[in-house]
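Novice: So that we are looking at the same thing, I have put the structure below in structure tokens.
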Amino acid sequence: MAGPVPKSSATRRRRNASSGAVKLEPRVGAQVPKLLATRDWHVDTLLWWAAIWRSPASSQWNDADRVELERVARLVDVCAQTEAADVLLRLAGELRLQCARFGLDPLSRAKLRWESPPNEPGRAAAVIPLRGESIDPRELLGRGNKGRSFKELAVS
């Protein structure tokens, strides 16, 4: 016995073929939704909120994601308003994980298979200037720094 007749090449399909990546489009003139007026938001939080909603990744979010992003904004706000190193260290991991859920870093965008558009020619990415000299991060995590803020450590 020969078995079933094979399908024609036009109807055959690879079962292990993955779907294509999502190409994100630039969000020129995108509307930035307002944050809830439940607190006095730090200016850094407001800048972060505007930046994420103008990013190409925001084209993939829906109304349910906005609620979760407002929760992430609260974490960003606590980090922006505190100077206590121990609080910042405790929140850093959670903030990193929550931001990754929404494609806010290059690695998570790669895992989500989102392709970001390149920067426009002649337009560099935003750069945050450093204040003062660079700090050795090992000094910030030293055992003798308990209770001291990052600002205090940066000045010393």
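The values are calculated or read from the model by the stated rules, or taken from the named source; none is laboratory data. The structure displayed is predicted, hence computed values, not measured ones. Here the Cβ positions follow ideal geometry from the backbone for every residue, glycine too, while neighbour counts run over all protein chains shown.
Novice: Given the residues Val67, Val32, which is the only one that is modelled with pLDDT of 90 or more, under 27 Å from Arg113 (Cα atoms) and out of contact with any Asp or Glu (no Cβ under 8 Å at 6 or more places or on another chain)?
Specialist: Val67
Novice: Also, quick follow-up: Would a scan of the range 11-22 turn up a residue that is part of a loop (DSSP other than H, G, I, E, B), surrounded by 11 or more Cβ atoms within 10 Å (Cβ to Cβ) and hydroxyl-bearing (Ser, Thr, Tyr)?
Specialist: Taking every residue of the range 11-22 in turn, none turns out to be part of a loop (DSSP other than H, G, I, E, B), surrounded by 11 or more Cβ atoms within 10 Å (Cβ to Cβ) and hydroxyl-bearing (Ser, Thr, Tyr).
Novice: If you don't mind, another one. I'd like to check something: does the range 36-53 contain any residue that is at pLDDT below 85 and surrounded by 10 or more Cβ atoms within 10 Å (Cβ to Cβ)?
Specialist: No, there is no match, as no residue in the range 36-53 is at pLDDT below 85 and surrounded by 10 or more Cβ atoms within 10 Å (Cβ to Cβ).
Novice: Pairs, please: C-beta under 6 Å, at least 6 apart or cross-chain, first residue surrounded by 12 or more Cβ atoms within 10 Å (Cβ to Cβ) and in the range 78-95, second of a type in the set (D, E, K, R)?
Specialist: Pairs that qualify, where the first residue is surrounded by 12 or more Cβ atoms within 10 Å (Cβ to Cβ) and the partner is of a type in the set (D, E, K, R), are Ala80/Asp44; Glu83/Lys151.
So that you can scan it fast, the table gives a plain yes or no per residue for (1) within 26 Å of Lys23 (Cβ to Cβ); (2) of a type in the set (A, V, I, L, M); (3) surrounded by 15 or more Cβ atoms within 10 Å (Cβ to Cβ); (4) at pLDDT 90 or above:
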| position | (1), (2), (3), (4) |
| --- | --- |
| Arg71 | no, no, no, yes |
| Arg74 | no, no, yes, yes |
| Leu104 | yes, yes, yes, yes |
| Glu115 | yes, no, no, no |
| Phe150 | no, no, yes, no |
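Novice: Being farther than 20 Å from Ser58 by Cα, in a helix (DSSP H, G or I) and aliphatic (A, V, I, L, M) is the filter here; which residues of the range 76-115 pass it?
Specialist: Val78, Ala80, Ala85, Val87, Leu88, Leu89, Leu91, Ala92
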